[in-house]
Every structure is written in structure tokens, then in C-alpha cells.
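Below: the structure, in C-alpha cells.
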Amino acid sequence: MKRIKYFYTMLLFLLLISGKAFSQSVGDTFQNPINLGTFSDSFEYSNTQNTNNFTNSYGGRPSNDVFYKFTTTTYMNFRFNHCGSQVVDTYLYVLDSTGALIDDSDDGYSCLDANGNYNGNLSYRIRLAVRPGTYYVVSKGRNQNENGYITTNIQATAIPNLDIRGNTFEDPIDIGSYNNSFTYTDTQNTNNFTKNWTGLGDNDVYYKFTISTSMDLVFSHCGSGLADTYMYLLNSSGSVIRATSGGCSGSSYQSYMVWDGLSAGTYYLVGMGSITKGILKTQITGTSNTNPTNVTGDTMSDPIEAGTFSSSFNYSDTRNTTSFSNQYNGRPTNDVFCKFVTTQAMDVVISTCGSALNDTYLHLLDISGNMITYDDDNSSGCTNAGHAYISQSNLPAGTYYVVSEGYGSNGSITTTITGTAQAPSGDTRADAINAGTFSSGFTYSDTRNTTNYTNQYNGQASNDVFYKFV
């Protein structure tokens, strides 16, 4: 009888514990958020939660967090804040439908706390012209164990008639595909856009175009109402391959860019005022170029720009070498030059795996064009043993060139470059930078760029460097 009584007591205890866990689970993770619903018009939402009842699921700041989810069917202006919270210092994150960070807020300088007193440490963020979609808000205290009652406020104002195509890389103004000469002109008021470009400049406009053959391109902001503009040309992956500010005749600050022999492919042009908003006139002119010696990638002096990388990356590009010439003294076939830059040491793999051309050759060159290594056939790296494959461990930071070519014939070659960033010395406590052993007074100095490091120490939400001394 005692055993039966003990069994029922334990069962009741487990049910109570389970019930408590289930009651606390909503909002504790990205997968199980507090769901506000779907909105097609303006709305306001406010909710207060005690983060002591949650866990630190998102990471970021070292405190517990609460997840909120909502969906919009029209463009909206948003205000997110923690005004009215009891926790005195908060942090707020806005995520997209995949969980990728869109924006975050530490201090807002516009809030009253739960007692009606001004508190500049409560999060406050404004996002204008947010396109339709599903979004998440994560609310938490800023510092370790800074848990308690956090009030999350969301105020949304619908903009039902807004046509903001071109506001982001994902939703550009698509001007079309061209296999012959063309001219495209468009004028936009950047006051109707937001700033999504992470580099210099004010509100920006994105354009997308595709050319199926090599062309000479001219990009212009000449005639804009904005007196000072920036312009960035991106490849299909969104990496900058060329940028300019100024160049227009009669207006030294309006952007003008020329690229002769731009290779076939998909590109993006991002334009903006340098520090102000206003009328931006964009003109893109393409002129057919049938001279294969004037194709981007045909020479080392005019390579295909893969981009500059400060962290792990993957880049892939396919070119038909029949459109190029034989500029590199390797195989007696046409070749393609590709340039990439790394800002820290990486393990780099370069391959032609998956190329339509059956037998390929690869060369890796340094910034001066000196050969570092090469490969012909590599059965261990590619399914097709005739495809070239190069693996370089701990390749130092620097500028490099890849030359891709056929072994004995021309054709379509896919060049893939993968970089895996190496954790530098000092990135972890176990691998701290050793300042030395001292038996008397000493001075030690060292300079590091923390963009090359990760956030290993549970303090501030920024990258850190470890030092050791004895």
C-alpha cells in the first residue's frame, strides 16, 4: 500500500512539474513564440513577461529572453520599445522569418520606466517601410542575470499604397535581361526608401540587371537632385565588385562609373545620397562588346572580383572560356582570372568540381602574380578525376588570384572558392595570447582587430581577445 501511495505521489509531482514547464514554454524559443497573429492594418500590442520564467534561448546578451512573432500583409512603419519595464536595462532584437537578425536596440533614450521615470537604458527602435512578411521580436535584459518584468510594445502603422520595390537586395527594381545594347533610366525620391546598405550613404535604392553577353557598361547619377551620391556595383552574391563617388561632368560629387567588358551575369547597382535624401536619377547604359580580349576576367589586371572576406565564405562562378583568350602562361587554352581578398588567415579550397568541361587546370597566384600552387587532376577532391582541386591550409590574409582553364580545350568551367576562417591566437581562454612571465614590474602592449575574433567570454555582446600573463 505504501508503494502505491508513493507511486501516485511521484506521479502527481511529475505532472505538476510538467504542467509548470508547459505553461512557461510559450515564448521561450524561436520555435514556440508568443504569436500575435496576422495584420493587414495598423495595430498596437503590449505584453509584460517576467523573464525569470524563461531561459536564454536566443543568446546575444547573457540573460533570459522572450520571443514574439507576428505577420504583416502590407508595408508598415514600426516602433518597438521596452517602455514601462521594471528591468532597468534591456535589449531588443528584430529577426526575419528565418531567424536572421534584421536590427537590434540597446539604449533608446525615449522611454519612461514602470514608475514613470525617464530611463534611457530601455530599448527603443524605429523601422520604416518594413515589407510584408513574418517577423520575430526578442526581448531580454542587457546584462547577466538581469531578469525580471519586461514590457514589450509594438506599434505599427500600415502604409497600404506604398510601392517600395528597390528598397532591399532581396526586392530590387529588376530592369530586365539583355543580350544587346540597352539604356535604362529611372528617377526615385530616396525619402520614400530606407537605409539597408551597411556601408556609407543615406537611404538607398537597389537595381538588378542581367546581361547574357559581355558588354561595356556606364552607370550614372548625373542630373540627380542630390548633389553628392554614392554608387556600388554588386555581383550576384551581393559582394561589392566596384564602388565610386563623383565623376559626373559639371558635378564632381555625383557618381559616374564605367566598366568595359563586364562579363555575362547578374548584377546589382545600389545608389544613394552621401548624407542626405532626395531625387536620385539612375541611368545604366550597356553596349554590346564582341571583343573577347575586353572581357572582365580575361586578364589579371581586370579580374572577376569575388569580393573581400573577413569570415568564412563560399563563392562560385561559371564561365565559358570560349569567350576569353589565353593570357596566362599555363595550358595552351583560354583562361579566366578571379580575384579574392581575405583579411585573416583561412583554410582555402579552390575547385572546378561540377564543370561541364571534362578536364580542367587551376593556378593559385599571389598579389604579384607569382604562382603559389597549381593542380591538374585530383581524384580525391572531385567526383570527376579530371577536374582540378586545390587545398591550402592556413593561407595568410592577402590578395589572391585564381586562374581557371581547360587542360586541352575550352568550355564551361565552374570555379568554386571556399574559405574557412581560422580562430586567431587569443580567441579563447585555452589559446590566450601569452604576454610572458614576469618577476618584476612590467609594461605590455598589443593591438588586435576584434572583427577577426569571436564572442567567447560571457560579458558584453561583442568579440573579445584573451591574454595570459604570469
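The values are calculated or read from the model by the stated rules, or taken from the named source; none is laboratory data. None of these values were measured; they are calculated from a predicted model. So basically every Cβ, Gly included, is an ideal-geometry build from the backbone, and we count neighbours across all protein chains shown. Surface areas here come from the heavy atoms of the whole protein model, side chains and all, with no ligands, DNA or RNA. Shrake-Rupley method; radii C 1.70, N 1.55, O 1.52, S 1.80 Å.
Details
- Based on C-alpha pairs under 8 angstrom that are at least 6 apart in sequence, the chain has a relative contact order of 10 percent.
- Using the Cβ-Cβ distance between residue 96 and residue 467 with R0 = 51 Å, the FRET efficiency computed as 1/(1 + (r/R0)^6) comes to roughly 0.85.
- Pair residue 433, residue 103: separation of 7 Å Cα→Cβ label points (nm): 3.6
- With 0.36 nm allotted per residue and the present C-alpha distance subtracted, the residue 285-residue 55 stretch has 77.3 nm of extension available.
- Cross-link partners of residue 468 among aspartates and glutamates (Cα-Cα below 18 Å; sequence separation of 8 or more within a chain): 427, 431, 446
- The mean sequence separation of alpha-carbon pairs under 8 Å and at least six residues apart, normalised by the residue count of segment 306-405, gives a relative contact order of 33 percent.
- Looking at segment 316-470, the accessible area is 51 square angstrom per residue; that uses a 1.4 Å probe and ignores ligands, DNA and RNA.
- The long axis of helix 2-25 is offset from the longest Cα principal axis of the chain by roughly 50 degrees.
- Amide H contacts under 5 Å for residue 34: 27, 67, 68, 69, restricted to partners 5 or more places along the chain or on a different chain, H placed in the peptide plane at 1.01 Å from N.
- Cα-only radius of gyration and Dmax that characterise the chain, units Å: 27.8, 99
- R0 of 41 Å, Cβ-Cβ distance residue 42-residue 243: FRET efficiency to nearest 0.05: 0.60
- Label zone at residue 155 (point 7 Å along Cα-to-Cβ), backbone N below 12 Å, segment 47-82: 78-82
- Shape index of segment 91-233: Rg/Rh, with Rg the Cα radius of gyration and Rh the Kirkwood radius from the inverse mean 1/r over Cα pairs, equals 1.09.
- Normalised convex hull volume, segment 184-324, alpha-carbon set, Å³ per residue: 115
- Spin-label model distance (nm) - residue 392 vs residue 25, 7 Å beyond Cα toward Cβ: 5.0
- Nearest-0.05 FRET efficiency for residue 258 and residue 341, computed from C-beta distance (R0 22 Å): 0.45
- With DNA, RNA and ligands ignored, accessible area of residue 68 (1.4 Å probe; Å², nearest 10): 0
- With K and R counted +1 and D and E -1, the other residues having a Cβ less than 14 Å from that of residue 155 yield a net charge of +1.
- Using 0.36 nm per residue and subtracting the Cα-Cα separation, the extra length available between residue 399 and residue 356 on full extension is 12.7 nm.
- As a fraction of the 1.4 Å probe accessible area of segment 275-334, surface on carbon and sulfur atoms comes out at 44 percent.
- Surface composition of segment 146-262: carbon and sulfur atoms hold 43% of the protein heavy-atom accessible area at a 1.4 Å probe.
- The stretch between residue 446 and residue 168 holds 96.1 nm of extra length on full extension. This uses 0.36 nm per residue minus the Cα-Cα distance.
- Computed [θ] at 222 nm, deg cm²/dmol, the chain (DSSP H ≥ 4; -39,500 (n - 2.57); rounded to nearest 500): -2000 deg cm²/dmol
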